[in-house]
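Undergrad: A single structure is presented below for examination.
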Amino acid sequence: MLNNRQIQTAKPKDKPYKLSDGGGLYLLVTPAGGKLWRLKYRFDGKEMLLAIGKYPDIALIEARAAADTARNQLANEINPAAAKQQAKAERKAALLNTFEHLARQWHKENLHRWKANHAARILSDMEKDVFPYIGQKPLDDVSVADVKLLIVRIGERGALVTAEKVRQWIGAVFHYAAMLELTDRNPATPLRGFLEKKTTRPMPALPREELTEFYRRLMLVEIEEKNRIAILLNMLLFIRSTELRGGKWAEIDFQAACWTVPAERMKMKIAHIVPLSDWAVALLRELYQLTGHTPYLFPSRIKADGFISDGTLINIMNNMGYKGIATPHGFRSLASSILNEQGFNPDSIERQLAHMESNRIRAAYNRAEYLDERKTFMQWYSDYLRRHYDEALASLQAA
């Protein structure tokens with residue numbers, strides 16, 4: 001029988017050679033210096049070979065234990081090599097059936113349905129809050145208690161919306177697995193409504209009485225001129241922050257005085273026309289002198305191929321003294337209130353806000369619907385805001 005010293009001191013030769021341990025177990029020493037455990041045995045009258053592993057990954061005592069297991073299998077008329085392959089296949093199948101594997105597969109197959117930032121958020125939240133806890137579990141081992149613990153853990157840090165989203169995504173993964181006939185259960189379903197829904201507070205809107213003062217502070221605050229123009233356009237056009245900040249010069253038609261936001265950048269994934277007032281066109285021409293050499297209206301100073309963040313505009317307004325009083329998003333509700341009070345067509349206002357009916361009956365609407373009315377009230381609203389802007393400018397010049 002072999003001992004550890006014999007194995008350790010075995011040197012390679014020109015040809016492979018064997019060091020026998022008895023009972024068919026031997027160590028094969030290769031010319032390259034490899035040392036491989038092998039077990040020679042007979043099954044159904046044929047000589048066969050079982051590869052046990054490589055030394056020193058498999059120590060002598062472990063190789064003997066593996067050989068004993070194989071001999072017991074032979075005594076029960078089981079082919080050790082075939083049993084090893086079956087066990088390997090079962091381990092592989094189990095790995096493919098883990099929650100993380102199925103979740104990544106579900107994510108990959110749904111990428112075409114999501115915007116890039118939404119897809120990235122899903123994967124990021126899964127990697128942070130889900131995979132470390134249930135990622136390696138086979139699907140059928142993930143319990144309601146497991147999912148409950150996950151979402152409670154997320155909710156405890158105040159992220160109730162994220163917790164509910166994670167529950168929904170886990171449920172979607174199990175639904176996907178069910179379609180593949182890998183499971184017939186969904187531990188996320190019983191937890192629907194388990195978490196107290198976070199009350200969505202409207203984004204604070206600037207009181208209209210503050211418009212002149214707001215413009216005065218905007219003129220005084222020390223910021224990059226492109227960011228000042230971003231806030232002015234945000235007020236004038238009242239499109240969503242991401243649609244404004246991610247704007248590209250290729251989307252602007254100065255001659256037609258319109259901005260067409262492509263479908264892939266819209267929340268509802270439908271292209272949206274924004275009529276440009278005289279003041280909006282003038283601001284964009286001024287902005288073009290600053291950023292026209294880049295694809296973006298508001299390029300980022302940090303990312304080579306990116307645009308300013310939502311935090312940029314929020315921080316500016318906070319520094320102007322409007323923290324908790326007004327946000328960039330709030331300019332949408334301000335515009336809606338003023339325009340509705342002036343008697344403009346509510347349907348055309350909703351269309352300009354790019355709002356959609358919840359049942360999506362009119363999802364395939366003509367993007368130019370109410371366009372003439374929209375042009376009219378966009379110019380009226382621009383003139384309304386410009387009067388407050390001019391009042392602020394006059395007060396500074398008189399000081």
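Undergrad: What relative contact order, as a whole-number percentage, does the stretch 99-191 give when Cα pairs under 8 Å and 6 or more residues apart are counted? List each step's numbers first, then the result.
TA: Numbers: 71 pairs, mean separation 29.2, N = 93.
About 31 percent, as a whole number.
Undergrad: With charges set only on the Cβ (+1 for Lys and Arg, -1 for Asp and Glu), what does the dipole of the chain come to about its Cα centre, in debye to the nearest 20? Could the numbers behind the result be given before it?
TA: Details: 58 positive and 46 negative charges, 397 e Å.
Its charge dipole is roughly 1900 debye.
Undergrad: Okay, moving on. Hand me the GluC sites (Glu not before Pro) from the stretch 1-88 located in a DSSP loop with no more than 15 other Cβ atoms within 10 Å, in residue order please.
TA: Details: sites: 47, 62, 77; in loops: 77.
Qualifying residues, ordered by number: 77.
Undergrad: Which whole number in µm²/s is D for the chain by Stokes-Einstein, with the Kirkwood Rh taken over Cα pairs at 10 °C and 1.306 mPa s? If you can, show how the numbers build up before the last one.
TA: Working: Rh = 27.3 Å.
Rounded, D is 58 µm²/s.
Undergrad: Something else about it: Using modelled backbone amide H atoms (1.01 Å from N, in-plane), which distant-in-sequence or interchain residues come within less than 5 Å of residue 25's amide H?
TA: Close amide H contacts, sequence-distant or interchain: 40.
Undergrad: A further question follows. Three principal axis extents, largest first, for the C-alpha atoms of the stretch 99-191, in Å?
TA: Rounded to whole Å, the extents work out to 35, 31, 21 Å.
Undergrad: Compute the acute angle (0 to 90°) between the alpha-carbon long axis of helix 99-109 and the principal axis of greatest extent of the alpha-carbon atoms of the chain; round to the nearest 10°.
TA: In the chain, helix 99-109 runs at an angle near 50 degrees to the longest axis.
Undergrad: Sticking with this structure for a sec: For the chain, the longest stretch holding no chymotrypsin sites (Phe, Trp or Tyr not before Pro) located in a DSSP loop with at most 14 other Cβ atoms within 10 Å is which? Don't jump to the answer; show the numbers that get you there.
TA: On the way: sites that count: 114, 254, 365.
It runs 115-253.
Undergrad: Label the stretch 208-398 by shape, choosing from rounded, prolate and oblate, from the square roots a ≥ b ≥ c of the eigenvalues of the Cα gyration tensor; if a/c is under 1.5 it is rounded, and otherwise prolate applies when a/b is larger than b/c, oblate when it is not.
TA: Numbers: a/c = 1.58, a/b = 1.20, b/c = 1.31.
Here the stretch 208-398 falls in the oblate category.
Undergrad: Using only Cα atoms, tell me the angle between helix 116-129 and the longest principal axis of the chain; keep it within 0 to 90° and round to the nearest 10.
TA: 50
Undergrad: Using Cβ counts within 10 Å as a stand-in for footprinting exposure, how do 118, 355, 329 rank, fewest first?
TA: Working: 118 10, 355 13, 329 18.
Neighbour counts put them in this order, fewest first: 118, 355, 329.
Undergrad: For a quick check: with amide H placed at 1.01 Å from N, whose amide H comes under 5 Å from residue 307's, ignoring anything fewer than 5 positions away on the same chain?
TA: Amide H neighbours of residue 307: 300.
Undergrad: Shifting gears a bit: Taking the Cα atoms only, what angle lies between the long axis of helix 144-156 and the longest principal axis of the chain, rounded to 10 degrees?
TA: The answer is roughly 40 degrees.
Just so you know, all these numbers are worked out from the coordinates, no wet-lab data involved. Computed from a predicted model, the values in this text were never measured in an experiment. Reconstructed Cβ throughout: ideal geometry from the backbone, glycine too, with neighbour counts over all protein chains shown.
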